[in-house]
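Novice: Pasting in a structure now, in C-alpha cells, and then I'll have a few things to ask.
The values are calculated or read from the model by the stated rules, or taken from the named source; none is laboratory data. Computed from a prediction, not measured in an experiment: that's the story for all the values here. As a convention, Cβ positions derive from the backbone with ideal geometry for all residues, glycine included, and neighbour counts pool all protein chains shown. Ligands, DNA and RNA are excluded from the accessible area calculation, which covers all protein heavy atoms including side chains. Shrake-Rupley method; radii C 1.70, N 1.55, O 1.52, S 1.80 Å.
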Amino acid sequence: MSDFKRLHVKALVEANWEAPDWQLLEKTKEGEWLLERHSMTERLKACCRTLTVEVLGLHDVEREVLSDSERQLLGDQACLVREVVLFGDDVPWLCARTLVPMSTLTEQEQDIADLGAVPLGQRVFNQANARRDAIEVAHLTFDGQVLLARRSRLWVNDKPMLVSELFLPHAPIYQEEG
C-alpha cells in the first residue's frame, strides 16, 4: 500500500481545489456525491455489505507545512494528519486525508486521534451539531483515468477539520444505477 499512499495521498495534497458549480453539479449523479453535506461514511455503507477502513498513516504536522488554503480553512496551527482508505466489500472506494487542528483534539473530541479503523464520519456525524461546509472539488488523473475528489471542512462542537477525499475507480460514484 506504500505506492498507493505515495500516489493517492500525494495527489490529494497537491490537488487544485476549486469551488464547485453548484447549479451544474446538483443535477448530476456525481454531484450528489461531491456535494454530500452529511456523512460520506453512511452514503458508502448504503452501497455495500461491509465498509472497512485501513489506516495508511497518522502523524502530526507543523503549521508551516500546511498550504495557505489549509491555514485559511483551519487556522494557523499544527495538525494531526489521518490518511485512510475506505473499502466497500473489500474493494478500495475512497482515499481520504484529514487535517485535525490540535485545538480540535480537546475535550470531547480528543478521541478523534484514536479512531483507528473507525470511519471519521461515523464519529463526527453522531453529534447533533455536526456540519460540513467549504466544499471544493478537483479532478485528478491516474493512469489516464480522471478521478473525482472533494475537500470539505467538517465541524463538530464548533471545532473544524479538513477532509480531502479521492473517489477511487471502483467507487459507487462512477457506477451506473442498477
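Novice: Mind giving me the nanometre distance, one decimal, between the label points for T50 and E107, set 7 Å out from Cα along Cα→Cβ?
Specialist: Simple spin-label model gives 3.8 nm for this pair.
Novice: Same structure, new question: Cα centroids of region 121-178 and region 37-93: how far apart, whole angstrom?
Specialist: For region 121-178 versus region 37-93, the Cα centre distance is 8 Å.
Novice: Averaged per residue, what accessible area in Å² does the chain show with a 1.4 Å probe, protein chains only?
Specialist: 51 Å²
Novice: So for region 37-114, averaging the separation of alpha carbon pairs under 8 Å that are six or more residues apart and normalising by length, what relative contact order in percent results?
Specialist: Worked out over region 37-114, it gives 28 percent.
Novice: Could you name the aspartates and glutamates in cross-link range of K159, using Cα to Cα under 15 Å and dropping any fewer than eight places away on the same chain?
Specialist: E70, D76, E107, E109, D111, D133
Novice: Report, largest value first, the span of the C-alpha coordinates of region 99-174 along each principal axis, in whole Å.
Specialist: Extents along the principal axes: 45, 26, 22 Å.
Novice: Let me ask something else. Placing +1 at every Lys and Arg Cβ and -1 at every Asp and Glu Cβ, with all other atoms neutral, what dipole size does region 30-129 have around its Cα centre, in debye to the nearest 20?
Specialist: Using only the charged Cβ atoms, the result is roughly 280 debye.
Novice: Any idea what log10 I(q)/I(0) is at q = 0.11, 0.15, 0.24, 0.26 Å⁻¹ for region 1-79, Debye with uniform C-alpha scatterers and no solvent?
Specialist: -0.46, -0.87, -1.21, -1.18
Novice: Using θ = phi - 60° and the Karplus form 6.51 cos²θ - 1.76 cosθ + 1.60, what ³J(HN,Hα) does each residue of region 85-102 get, whole Hz, x for Gly and Pro?
Specialist: Coupling constants for region 85-102: 10, 9, 10, x, 6, 6, 10, x, 10, 8, 9, 10, 10, 10, 9, 10, x, 4 Hz.
Novice: Which percent of the accessible area of the chain is formed by carbon and sulfur heavy atoms (probe 1.4 angstrom)?
Specialist: C and S fraction of accessible area: 48 percent.
Novice: Normalised by the number of residues in the chain, what is the relative contact order in percent for Cα pairs under 8 Å and 6+ residues apart?
Specialist: 25 percent
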